[in-house]
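For reference, the structure discussed in these notes is given below.
Just so you know, all these numbers are worked out from the coordinates, no wet-lab data involved. Just so it is clear, the model here is predicted, and its values are computed rather than measured. Virtual Cβ from ideal backbone geometry, glycine too; neighbours counted across all protein chains shown.
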Protein chains: 2
Amino acid sequence: MAKPSNREKILTEGLKVVHQLGFGGASVRDIIQAAGVPQGSFTNHFESKEAFGLEILDLYFASTRETLEQTLYNDSLPPMVRLRAYIDANHGRLNREGMENGCLFGNFSGEAVDHSEPIRQRLQSIFGEIRKALTYCLTAAKDAGELGAAINPDSVAEFIISGLQGAMLLTKVQRSDVPVERFEQILFGLVLSRPDLLQPHLPPQLTTA
Amino acid sequence: MAKPSNREKILTEGLKVVHQLGFGGASVRDIIQAAGVPQGSFTNHFESKEAFGLEILDLYFASTRETLEQTLYNDSLPPMVRLRAYIDANHGRLNREGMENGCLFGNFSGEAVDHSEPIRQRLQSIFGEIRKALTYCLTAAKDAGELGAAINPDSVAEFIISGLQGAMLLTKVQRSDVPVERFEQILFGLVLSRPDLLQPHLPPQLTTA
């Protein structure tokens with residue numbers, strides 16, 4: 001196997017440093033030191049810190065895309081099992097990382113969006129991809145009768161993305177995964193399991209009596 | 001009225017700059033320039049950037065506390081009206097700021113929590129205060145029969161905090177308040193309005209038939 005190039009080292013080690021310290025908090029010096037490459041390497045390979053930021057977002061998204069394929073897009077599993085697996089995958093990552101780093105996309109959204117329009121646009125398209133996968137799975141759940149006919153997959157997909165991002169953010173603050181657990185409980189126990197939405201043809205007088 | 005001191009100028013103008021650029025993104029130089037005070041003033045008044053960060057969190061929370069008093073703690077209004085008013089107050093702020101800056105607490109959670117334990121603890125206590133206010137209001141709603149008996153105010157309070165934080169984060173990315181709208185729709189339309197929970201004595205065969 002070929003040894004990783006300086007460029008690859010800067011990307012893989014830099015991603016970890018930015019995930020821990022934040023994009024503003026991690027200096028080029030921090031990134032170079034973590035990668036163990038000479039100071040000049042950074043500017044040789046990246047036009048700017050912003051250009052580097054866009055590349056680590058793509059690198060991180062490559063692993064997210066794998067998760068999407070294995071869960072939300074995995075037609076061999078029942079839709080609601082896939083949705084649960086997707087949320088568990090996020091929850092599991094938080095636990096592995098000691099509830100410290102949160103989601104790179106969420107961190108970038110909090111800090112880097114307002115001073116870099118290219119980063120904002122990249123995040124918008126990344127969240128768009130995740131929303132597409134969630135909508136695909138929720139539509140399959142509706143088609144399979146696992147969700148009520150009144151559920152709007154697009155709206156619920158948007159809600160899941162922001163709910164999960166918020167829960168991961170609070171997990172960092174509280175150093176506890178209670179916020180993610182609460183989100184899961186309310187998502188599966190209340191939002192997606194309304195018996196009245198599963199029975200759209202139930203005569204109104206029976207549910208409102 | 002007394003003219004604001006350099007210390008006050010650094011806090012009020014610095015808060016705006018940090019809200020726009022992020023805590024890592026805003027340098028002491030940016031803060032000093034926005035406040036229009038001499039370079040040395042910052043170190044005269046603040047031991048460190050972290051100490052300054054803690055003070056602007058308190059300053060921002062002072063205005064949050066007013067909102068909590070006017071909405072969630074306002075016993076002159078029906079509980080669910082107060083809850084709606086609290087969420088509208090957050091939504092309204094996003095609109096006034098052109099969906100750009102998000103919530104200072106959320107931004108700090110995303111970037112500053114992992115390299116400052118005092119900031120993490122301050123945020124934890126701030127979110128604790130907001131959770132207390134939400135729990136107070138949701139308990140009042142339950143007592144007034146506005147919410148189903150099976151609703152757990154504590155869990156739902158945690159869920160509202162993280163859901164709203166996530167929606168405000170996505171609002172920054174999308175430059176659109178659709179995520180906050182979705183959150184409101186699902187919170188009021190699905191999470192808090194289960195007809196089966198509002199009618200705990202409805203015979204089970206009618207809702208599960």
To one decimal in nm, how far is A:S63 from the same spot in the other copies, if labels go 7 Å from Cα toward Cβ? Please give the shortest first. 3.7
Sorting from shortest, the nanometre distances separating the label point of B:D75 (7 Å past Cα along the line to Cβ) from those of the same residue in the other copies are 6.0
If you filter the stretch A:1-75 for GluC sites (Glu not before Pro), then keep DSSP loop positions with at most 13 other Cβ within 10 Å, what is left? A:E47
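So what's the net charge close to B:F159: Lys and Arg +1, Asp and Glu -1, counting the other residues with Cβ under 12 Å from its Cβ? Display every interim value, and only then the final one.
Values: positive: A:R182, B:R131; negative: A:E181, A:E184, B:D154, B:E158.
Within the 12 Å Cβ shell, the charges total -2.
Around A:D88, under 14 Å between beta carbons, what's the net of Lys plus Arg minus Asp minus Glu among the other residues?
+1
Determine the shape class of the stretch A:64-117: with a ≥ b ≥ c the square roots of the Cα gyration tensor eigenvalues, call it rounded for a/c under 1.5, and otherwise prolate if a/b is greater than b/c, oblate otherwise. Could the numbers behind the result be given before it?
Working: a/c = 3.54, a/b = 1.76, b/c = 2.01.
Oblate is the answer for the stretch A:64-117, as a/c is 1.5 or above yet b/c matches or exceeds a/b.
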At 222 nm, what value in deg cm²/dmol follows for the protein assembly as shown if DSSP H runs of at least 4 each add -39500 (n - 2.57) and the sum is divided by all its residues, to the nearest 500? -22000 deg cm²/dmol
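Given +1 on the Cβ of Lys and Arg, -1 on the Cβ of Asp and Glu, and no further charges, what dipole in debye does chain B carry about its Cα centre, rounded to the nearest 20?
Values: 20 positive and 25 negative charges, 60 e Å.
Here chain B has a charge dipole of around 280 debye.
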For chain B, modelled as a GNM with alpha-carbon contacts under 10 angstrom, which of B:A133, B:A157, B:A144 fluctuates the most? B:A144
Hey, what angle do you get for helix A:79-96 against the long axis of chain A, alpha-carbon based, 0 to 90 degrees rounded to 10? 40 degrees
Nearest-ten-degree value, helix B:153-174 long axis tilted from longest Cα axis of chain B: 60 degrees
Is the shape of the protein assembly as shown rounded, prolate or oblate, going by the alpha carbon gyration tensor and its root eigenvalues a ≥ b ≥ c, with a/c under 1.5 for rounded and a/b larger than b/c for prolate? oblate
For the stretch B:153-188 and the stretch A:132-163, write down the distance between their C-alpha centroids in whole Å. 17 Å
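If we count every other residue with Cβ under 12 angstrom of B:A62's Cβ, Lys/Arg +1 and Asp/Glu -1, where does the sum land? Walk me through the intermediate numbers first.
Working: positive: B:R65; negative: B:E55, B:D58, B:E66, B:E69, B:E129.
Once positives and negatives cancel, what remains is -4.
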At 7 angstrom along the Cα-to-beta-carbon line, where would the label on B:G36 sit relative to the other copies? Give the distances in nm, shortest first. 5.3
Residue by residue, what Karplus-based ³J(HN,Hα) values in Hz, rounded to whole numbers, does the stretch B:119-129 have, using 6.51, -1.76 and 1.60 with θ = phi - 60° and x for Gly and Pro? 5, 4, 5, 5, 5, 4, 6, 5, 4, x, 5
To the nearest 20 Debye, how big is the dipole of the stretch B:47-152 about its Cα centre, given +1 on the beta carbon of each Lys and Arg and -1 on that of each Asp and Glu? 340 debye
Relative contact order for chain A: what percent, with Cα pairs under 8 Å and sequence separation of 6 or more? 19 percent
